Amino acid sequence: MKTIALQDAVALIPAGASLMIGGFMGVGTPEPLIDELVRQNKGDLTVIANDTAAPGTGIGKLVTAKLLRRAIVSHIGLNPETQQQMIAGDLQVDLVPQGTLVERIRAGGFGLGGILTPTGVGTVVEEGKHKIAVDGRDYLLETALRADFALVHAFIADYLGNLSYALTARNFNPLMAMAAGTVVVQAENIVPIGVIAPDHVVTPAPVVDYLVAKA
């Protein structure tokens, strides 16, 4: 793990990269990293996240700045700008049921090729997908998701990069930290080694590549 300045962390991300971004309607989203992506005008991005938040919040800032080419999310209902760009054909939106989405991310982090789920069987969702019968019940094969970078928000990080999360801000962050080639963390608090009890470590240091230094 390396400590890195905010602007240098975002400079590592090329245009056209795929990003997993933690958060649920902006809660648990690393806002400073989002703001710096906008400032550096990193475009043509693919974002994998639970949602696109709302205008002015979290991933919604990337939508407003028109930096996204594709969004793989569970819903966009609270961001009218995402809806407008999708209808206009300026943004590809892949809507994935939330449980399926998180399981596909987990599969990517655990080295699995995908998951079997009954969700979507008998609907338009099954078009173009493999259907597999197990014990007389049909399942769809949903492939695993991985990304070039995971942008993770943690409540506490220690000097090694061990992470702990606060309440619902935990959400997708730990799983996304397992499912990306490079993991960049923005933590609210950075503390000495030993402050986080071993059994409170949720994301272990070897998973983390970069920790954004406090300004």
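None of the figures in this text is laboratory data; all of them are computed from the coordinates on show. Keep in mind the model is a prediction, meaning the values are calculated, not measured. Positions of Cβ are generated from backbone atoms using ideal geometry, with glycine treated the same way; all protein chains shown enter the neighbour counts.
Quick check on packing: order 192-198, 1-7 by the mean number of other C-beta atoms within 10 Å, highest mean leading.
Output ranking for 192-198, 1-7: 1-7, 192-198.
Based on DSSP H runs of at least 4 residues, each adding -39500 (n - 2.57), what is the mean residue ellipticity at 222 nm of the chain after dividing by all its residues, to the nearest 500 deg cm²/dmol?
-6000 deg cm²/dmol
Which ³J(HN,Hα) values, rounded to whole Hz and listed in residue order, are derived for the range 144-157 from phi using the Karplus coefficients 6.51, -1.76 and 1.60 in 6.51 cos²θ - 1.76 cosθ + 1.60 with θ = phi - 60°, glycine and proline given as x?
5, 10, 9, 9, 5, 9, 10, 9, 10, 10, 10, 7, 9, 10
Can you tally the net charge around ALA187? Count Lys and Arg as +1, Asp and Glu as -1, for every other residue whose Cβ sits under 12 Å from the Cβ of ALA187.
-1
Among DSSP bridges having both ends in the chain, what percentage is antiparallel? Round to the nearest 5. Don't skip to the answer; put the middle values down first.
Working: 13 of 43 bridges.
Roughly 30 percent of the beta bridges in the chain run antiparallel, per DSSP.
Have a look at THR100, THR57, THR117 and tell me which one the Gaussian network model of the chain (Cα, springs below 10 Å) gives the largest fluctuation.
THR117
Whole-Hz ³J(HN,Hα) for each residue in the range 84-98, computed from phi via Karplus 6.51 cos²θ - 1.76 cosθ + 1.60 with θ = phi - 60°, x for glycine and proline: what do you get?
3J(HN,Hα) across the range 84-98, in whole Hz: 4, 5, 5, 5, 6, x, 8, 9, 7, 10, 9, 8, 10, x, 4.
Taking the radius of gyration and the Kirkwood hydrodynamic radius from Cα positions alone, what is the Rg/Rh ratio for the range 154-194, to two decimal places?
Checking Rg against Rh, the ratio lands at 0.96.
Give the aspartates and glutamates whose C-alpha is closer than 20 Å to that of LYS131, dropping any in the same chain fewer than 8 places away, or say none.
Those aspartates and glutamates meeting the cut-off are ASP94, GLU103, GLU142.
If amide hydrogens are placed 1.01 Å from N in the peptide plane, which non-local residues have theirs closer than 5 Å to the one on ILE4?
LEU211, VAL212, ALA213
When only C-alpha pairs under 8 Å and at least 6 residues apart count, what is the relative contact order of the chain, in percent?
Normalised by residue count, the contact order of the chain is 23 percent.
Ranking request for peptides 75-83, 126-134: highest mean number of other beta-carbon atoms within 10 Å first, then the rest in descending order. Before the final figure, lay out each step's value.
On the way: 75-83: 18.0, 126-134: 10.6.
Highest to lowest by the protection proxy: 75-83, 126-134.
With all pairs of different alpha carbon atoms counted, what Kirkwood hydrodynamic radius in Å does the range 145-215 show?
11.9 Å
If you place +1 on the Cβ of every Lys and Arg and -1 on the Cβ of every Asp and Glu, how big does the dipole about the Cα centre of the range 119-169 come out, in debye to the nearest 20?
Using only the charged Cβ atoms, the result is roughly 20 debye.
Explain nothing, just the number: dipole magnitude of the chain about its Cα centre with +1 on each Lys and Arg Cβ and -1 on each Asp and Glu Cβ, in debye rounded to the nearest 20.
It works out to roughly 160 debye.
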